[in-house]
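All remarks here apply to the structure that follows.
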Amino acid sequence: MSETAPARKAGTGPVVTGPVVAGPVAAGPVATTRRAVLWVPDWPVVAAMGEASLRADAPAAVLHGRGLVAVSAAARAAGVRRGMRRRLAQRACPEIAILAHDEGRDARAFEAVAAAAEDVVSGVEVSRPGLLMIPADGAARFHGSEEALAEALVTAVAELAGCESSVGMADGLLAAVLAARGSALVPPGESAAFLADAPVDVLPLAAMERRQREQVEDLVSVLTRLGLRTLAEYTALPVGDVLARFGPVGMWAHRVGRGEDVRPPVLRRSEEDIAVGYAFEEPAERVEQLALVAAHVAGLLDEALLEAGVRCGRVRIAATTERGDTLERVWRTDVGSRAGAFARHMTDRVRWQLEGWLSGTAAGPERAPLTSLELTAEDVVALGSEQAYLWGGVSGADSRAQRTLERVQSLLGADAVLAVREQGGRSPRDRVLALPWGQEAPAARRIEHPWPGQIPEPAPATVLAVPEPLEVLDAGGAPVLIDRRLGMSAPPTWVRMQVDPQDERAAAARRHPSSGGVGRRDDGPAWGLPQPVEAWAGPWPVVERWWSEDASRRACLQVALRRADGSPGPALLASFTGGRWVLEAVYD
Amino acid sequence: MITETTPDASREERLSRARAALAGVSTRVGAGREEWERPALPLAQEVAGLLPEGLRRGQVIAVSGATSLMLALAARASAEGSWVAALGMPTVGVVAAARRGIDLSRLALVPHPGAQAPAAVGACVDGMDVVLLGERLALSDADRRRLGSRARERGGVIIAAGDWTGAHVRLDVERAAWTGLGAGDGRLRERELVVAVTGRRQGGARRVRVLLDADPGLRWSRPGARIDVDEEVA
């Protein structure tokens, strides 16, 4: 490995220690490692075709925005190219299948390829969907030669993941990526020569993230305009001048173009999810029956985890009904802190989930007898390598509180104890995500989105779960109306709130003839006395989801009331929608 | 504490020196506290004037008239690692709690404990540091007495909305004035509470003015909240 020596020499020099591209490519010279790169050509289209179950020789392309991002081999043969518009592509190849772009699908489907490669070599790095980085030294020794390793990799991926791939080996990142594109095995020490004649256009291939790739593409276009066509011409420039003229990106490209590595490969160590299931012989409906099965399945999962020497961070409980619906929830587990209790806790979780659903209190698909139950352990890590808190393990108070809440859950049911999180939203009610304690779910809405029309701070301390009717009256006692252009019919002067119907004084006042309550039915809302408005602000428009079924259009009003004795009263948040006023929240 | 002892010091001298050292320790740890008590939970600066001794463990505080005052009392303790449970408060504003400083990852809500309220509250008093109780919990007076003694035993703090017979401290919000609203313009900005503090240990009520939502835009020249003890009523 002659490549390592110049790299180290350069690293000790006074110039190279400057900043490199921020992010994963941190500063500091790294000795080049011999690596194999496995490349699946046109991965986005391969993954999309797999999902759409098209034949591998069908013409297809993946469209993102206005241009094609990946093109299958058959389509390329018909003249379709990357970057083409949809119409141009269809003109060149009328039978082409245009598939949607989905980064998540690309990454998901590539897991199968990574797993296939891991069958041959342990510890591969997924650089991006479509490109695998594999440390070659030890693996090549194990398989006898680098050719044998490449052959084993290609065979495994073709057999297990069902797609064509090519493998290249070289020292350093860029050389290995280039070698993979040509299925070349560059002998050790010849990477610099291998790269020298390559055009500068290949530099973006070594950038793994989109933002970084865009930066490098900008750099390449500048280099081309400057007349620097090949990597050799670029790397011949003095290092200091490159840094001064092109900044950290130029520095990164300079090092990569010389065949150096900017960081050691980050190896993936995957632990598969562990799943245990139970299929009911007779569809089960009674809770007692399910509780027994839950205990059994939880015990099985515990044994499976113990046997594999791992623990898990989450457990997914999935029950399938006779109708084919699936009831699925993910629960967080903190088993590390409470060894031995796993099976019992999981039994409780399963029982709660099924009980709540069978009794109809929890949301879910229509109730029907269950046909199978499956527990999947996710976030599996080897025992002993779990991540502890920064300052030691779970404190005594934390585990005590967890136990307490589980006790309350067993007392009242799983859904009675809520964990809350903040999420994005406009009204104070929408900004809260409440979940049963211990259950995992992503926040539905991002906080950092702009949320125009959000009610300004401070947040109200009492937020009604269901808005209560309210009367906002003008000076003459007529309801205040707001038109579509946010014009108020009159300034609000009085507010009438509902009172507790069990309040005896209010009930007596209602029965009194002066309230006009004679002969009125008793089940309507009980209104209190009108309270004068001290000050108010608004109306603020809140228009949400106009494109969907649950569209809402409201106008919000902050009102500060005055008591009868002249002292300041409570402040309210009221909203007007559909011709009616409702009380949303109280600033108490 | 380093005390140098000379061999020729008399017996009385050594004894008095030892007593002084002991007194020093007790003032440092907090004088006048009963032996069973653990250090009080910290209190946010805005409400520190209400309970000069801090949020003492094992006590019951009855708050009437303001949910945000309950949240403010629990905020600092929660931010410093205590666990908070809110029972029977289905309408508590979670965003307001978060803004007051309550750590939502250590907050559990039990909105509707129903008929099981005594058991659920008892479990929470056992395991959580601060327990907020709503007004409409199905608790009898006997339950409340039991819960109070349980809190004293376990070192938890109960902050209850509404009346609580035998509470150590009662905080009644007598006046809450918002500023910032106009006639159709502005927004709620600042709130001033006048809280009457009645303690079991003290004779009369003390009125304390608390500025709960200090608007940073308005108060930029005076960082922090203003707390004035208005008057002492005998």
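Please treat every number below as a calculation from the coordinates, not as lab data. Please read all numbers here as calculations on a predicted model, not as lab measurements. As a convention, Cβ positions derive from the backbone with ideal geometry for all residues, glycine included, and neighbour counts pool all protein chains shown.
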Report task. Kindly state, to the nearest 0.05, the FRET efficiency for residue B:143 paired with residue A:51, given R0 = 56 Å and r defined as their beta-carbon distance. Result -> 0.40
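Sorting check: for A:123-130, B:68-75, which peptide has the highest mean count of neighbouring beta carbons within 10 Å, and how do the rest follow? Could you put the intermediate results ahead of the total?
Values: A:123-130: 19.9, B:68-75: 27.2.
Ranking, from highest mean packing down: B:68-75, A:123-130.
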Query raised in the report: Which FRET efficiency value, to the nearest 0.05, is calculated for residue A:90 and residue A:308 with the Förster distance at 51 angstrom and r the Cβ-Cβ distance?
Result: 0.50
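What number, in percent, do you get for the relative contact order of the range A:65-112 if the mean sequence gap of Cα pairs under 8 Å and at least 6 apart is divided by its residue count?
On the way: 32 pairs, mean separation 14.0, N = 48.
With pairs under 8 Å counted, the relative contact order is 29 percent.
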Query raised in the report: How many nm is it between the label spots at residue B:22 and residue A:544, if each spot is 7 Å from the Cα in line with the beta carbon?
Result: 6.4
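Using only the Cα atoms of the range A:127-218, build the gyration tensor, take square roots of its eigenvalues as a ≥ b ≥ c, and label the shape rounded, prolate or oblate: rounded if a/c is under 1.5, else prolate if a/b is larger than b/c, else oblate.
Details: a/c = 2.32, a/b = 1.38, b/c = 1.69.
Verdict is oblate for the range A:127-218.
I want the local charge near residue A:432. Using Cβ-Cβ distances under 9 Å, sum +1 for each Lys or Arg and -1 for each Asp or Glu among the other residues.
+1
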**Report entry** Amide H contacts of residue A:275 (H built 1.01 Å from N, under 5 Å, at least 5 apart or other chain)
**Finding:** A:377
Query raised in the report: Roughly what would the spin-label model give for residue A:181 and residue B:177, points 7 Å off Cα along C-beta, in nm?
Result: 7.4
Query raised in the report: How far apart, in nm, are the 7 Å Cα→Cβ label points at residue A:508 and residue A:273?
Result: 6.4
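Which shape class, rounded, prolate or oblate, goes with the range A:428-491 when its Cα gyration tensor gives a ≥ b ≥ c as root eigenvalues, a/c under 1.5 marks rounded, and past that a/b bigger than b/c marks prolate? Intermediate values should be presented prior to the final figure.
Details: a/c = 3.38, a/b = 2.09, b/c = 1.62.
Prolate.
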Query - Near-label residues of the range A:164-207 by backbone N, under 20 Å of a point 7 Å along Cα→Cβ of residue A:218 - result: A:200-207
Query raised in the report: Sorted by packing (mean other beta-carbon atoms within 10 Å per residue), highest first, where do B:98-108, B:183-193 land?
Result: B:98-108, B:183-193
